[in-house]
Amino acid sequence: MAVSLNTLLKTVVDNKATGLHIRGNSNVFVRMEGKIRAIENCFLTNDEVKNIASAIMTEKDKKLLERNLSVDFALDAKEHGRFRFNIYRQSGKMCMAVRHIPLQIPSFEELSLPGETLKKMSENRRGLILVTGMTGSGKSSTLASMINEINKSRSCHILTVEDPIEFIHMEQKAIVSQLSLGTDTLTYTSALRYAMRQDPDVIMLGELRDVEVIRAAILAAEMGHLVLSTLHTIDAVQTISRVIEAYPAEQQGQIRFQLADLIKGIICQRLLPKIGGGMVPALEIMLPTGQIKNSIEDNKLYEINKAILNGEYYGMNTFDQSLARLYSQGKITLDDALSYSTSPETIKLLVKGAEVDGFKL
C-alpha cells in the first residue's frame with residue numbers, strides 16, 4: 001500500500017523513532033530504540049520512492065545526486081519537526097535514510113547528560129571541545145544543547161557551519177549565524193577562513209571530516225575562538241591521536257603542546273537501550289587537568305585513561321564507569337553493559353562491588 005511521505009514522517013514522530021529507511025521495492029523501516037523495525041503493510045516500489053525523492057529535492061540536490069550518487073539535505077516538515085535526508089542508490093534502487101531532528105532543542109537533563117559538567121565546559125571563551133562517537137550516538141543533539149546553553153547565557157556571536165543545518169537556533173542572548181554547506185559556504189575550510197572577518201566568538205562545525213578541517217579548527221581556536229565539533233572516534237585517547245596525526249610527523253611535537261593548551265573537553269558517546277523504553281547515553285568525559293595536559297605534551301597518551309578513571313572529582317569518567325553506574329541505577333541490562341563496554345571484565349568487577357584502579361561504585 002503506497003503511503004505519503006508526510007504519513008511516514010508522522011509515524012516517526014508518533015512512535016518516538018529516531019529515523020526512517022525508505023527503499024525501492026521494499027518495506028519501509030523505522031529505527032526505534034536503536035533497532036530497525038518494518039512498518040506493517042508499508043511496501044513502496046522503486047518508482048514510488050523515486051517520485052517521493054523528486055518531490056522533495058531542489059534542482060541543485062538533483063544535480064548533486066546525479067554527480068555524486070548521494071546527497072544530503074534537511075527538510076522542514078512543519079509540525080513534525082525537521083528531518084535530515086540522505087538519498088542514495090543501492091543495487092540500482094533509490095533509497096533514503098532519514099533522521100528526525102526535534103523542533104525543540106533538548107536540554108542536558110532531557111538527554112541524560114551531566115549538566116553541571118557540560119555547562120562549565122560551555123563557559124570557556126576559547127579552545128576546542130569535541131563530541132565523538134559513531135553515527136547515531138547523539139553527537140548532534142549534545143552539540144545543539146551546548147550551543148543552546150551558550151545562546152541563552154552569553155551575549156556573543158555564534159557561527160555554525162553544518163551539512164546540512166539540523167537544529168534551528170533562535171537568537172536569545174547571542175546572535176546566531178547558521179551556514180549550510182553548499183548553500184551559504186563552499187567548504188568547512190573556506191567557512192573558517194572567512195569566519196575570521198565575521199567576528200564570531202563561538203564556532204560550531206558539524207564535523208571535522210578531514211585533515212584540512214582539523215587544522216583549520218585548531219587555528220581558529222588558537223586565534224581566540226571557542227570551537228565545538230564532532231569526530232567519529234570511540235574514546236578520548238583515539239580522539240587526541242586523530243587530531244595529532246592530522247599533522248606531518250615533524251609538526252606533531254609542536255601540535256601536542258598546542259592541543260594540550262587548547263583542548264577544553266572531550267565527550268565520547270554510546271547510546272544504549274534503556275530499560276522501560278527509550279535510549280540512554282553512556283559517556284566518557286575527559287577534561288584538561290594538569291596531569292592530562294602533561295600526558296598529551298609528553299606523548300604518553302596511554303596514561304590518559306587512568307587519569308580519567310581517577311578524575312571523578314573533576315567530572316570525568318570512563319565508558320566502563322558510566323556503564324557500571326547505569327546498570328547499578330537500573331537503567332540498562334547487564335548484557336548491554338557488557339556488550340558496549342571497553343573491558344567486560346572491569347564491568348563484572350565493578351558491579352560485584354570490587355575496586356578497580358582505585359575506583360569503586
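Can you report the number of residues in region 22-57 which are assigned to a loop (DSSP other than H, G, I, E, B) and in contact with a strand residue (DSSP E or B) (Cβ under 8 Å, 6 or more places away or on another chain)? Residues in region 22-57 being assigned to a loop (DSSP other than H, G, I, E, B) and in contact with a strand residue (DSSP E or B) (Cβ under 8 Å, 6 or more places away or on another chain): 5 in total. Within region 258-308, being surrounded by fewer than 21 Cβ atoms within 10 Å (Cβ to Cβ) and polar (S, T, N, Q) holds for Q258, T289, Q291, N294, N299, N305. One residue stands out among those in region 69-109 that are aromatic (F, W, Y) and within 20 Å of N148 (Cα to Cα): the one that is surrounded by the most Cβ atoms within 10 Å (Cβ to Cβ), which is F83. Looking at E166, E171, E212, just one residue is touching a residue at least 40 places away in the same chain (Cβ under 8 Å) and not assigned by TED's automatic domain parsing to the domain that holds N86, and that residue is E166. Of the residues making up region 25-41, at least one is surrounded by 18 or more Cβ atoms within 10 Å (Cβ to Cβ), among the aromatic types (F, W, Y) and either closer than 20 Å to T230 by Cα or out of contact with any helix residue (DSSP H, G or I) (no Cβ under 6 Å at 6 or more places or on another chain) (or both).
Checking E48, E40, E110, E66 one by one, the residue that is among the acidic types (D, E) and within 27 Å of the chain's Cα centre (by Cα) is E110 and no other.
At least 2 residues being at pLDDT 90 or above and closer than 28 Å to V243 by Cβ is the threshold, and among the helices (runs of 4 or more DSSP H) wholly inside region 274-361 those reaching it are 290-297, 304-309, 319-328. If the condition is being more than 19 Å from T233 (Cβ to Cβ), surrounded by 15 or more Cβ atoms within 10 Å (Cβ to Cβ) and hydrophobic (A, V, I, L, M, F, W, C), then region 319-348 contributes A324, L326, I332, A337, L338, I347. Could you list, in sequence order, the residues of region 162-200 that are crowded, with 18+ Cβ neighbours inside 10 Å, part of a loop (DSSP other than H, G, I, E, B), in contact with a Lys or Arg (Cβ under 9 Å, 6 or more places away or on another chain) and not charged (D, E, K, R)? The answer is P164, I165, F167, A174.
The residues of region 5-17 that are surrounded by fewer than 18 Cβ atoms within 10 Å (Cβ to Cβ) and touching a residue at least 40 places away in the same chain (Cβ under 8 Å), listed by number, are N6, K10, V13, K16. Among the residues of region 128-150, are any buried (at least 17 other Cβ atoms within 10 Å of the Cβ), more than 23 Å from H232 (Cα to Cα) and not charged (D, E, K, R)? So far as region 128-150 goes, yes, one or more of its residues are buried (at least 17 other Cβ atoms within 10 Å of the Cβ), more than 23 Å from H232 (Cα to Cα) and not charged (D, E, K, R). Remark: pairs (first residue in region 332-356, outside the structural domain of K306 (by TED's automatic domain parsing); second residue assigned to a helix (DSSP H, G or I) and among the β-branched types (V, I, T); Cβ separation under 7 Å; 6+ apart in sequence or on different chains) = L334/V351; A337/I347; L338/I347; S341/I347; V356/T346.
How do the strands (runs of 3 or more DSSP E) wholly within region 58-144 filter down when requiring 3 or more residues that are in contact (Cβ under 8 Å) with a residue 60 or more places away in the chain, more than 30 Å from Q329 (Cβ to Cβ) and not assigned by TED's automatic domain parsing to the domain that holds L231: which remain?
Because the criterion is at least 3 residues that are in contact (Cβ under 8 Å) with a residue 60 or more places away in the chain, more than 30 Å from Q329 (Cβ to Cβ) and not assigned by TED's automatic domain parsing to the domain that holds L231, the strands (runs of 3 or more DSSP E) in region 58-144 that meet it are 70-76, 82-90, 93-101.
Consider A217 against the criteria (1) buried (at least 23 other Cβ atoms within 10 Å of the Cβ); (2) part of a strand (DSSP E or B): it satisfies all of them except one. Which criterion is unmet? (2) is the only condition that A217 fails.
The values are calculated or read from the model by the stated rules, or taken from the named source; none is laboratory data. All figures in this text were calculated on a predicted structure; none of them were measured in a lab. A quick note on method: Cβ atoms are made from the backbone with ideal geometry, for glycine too, and the neighbour counts reach across all protein chains shown.
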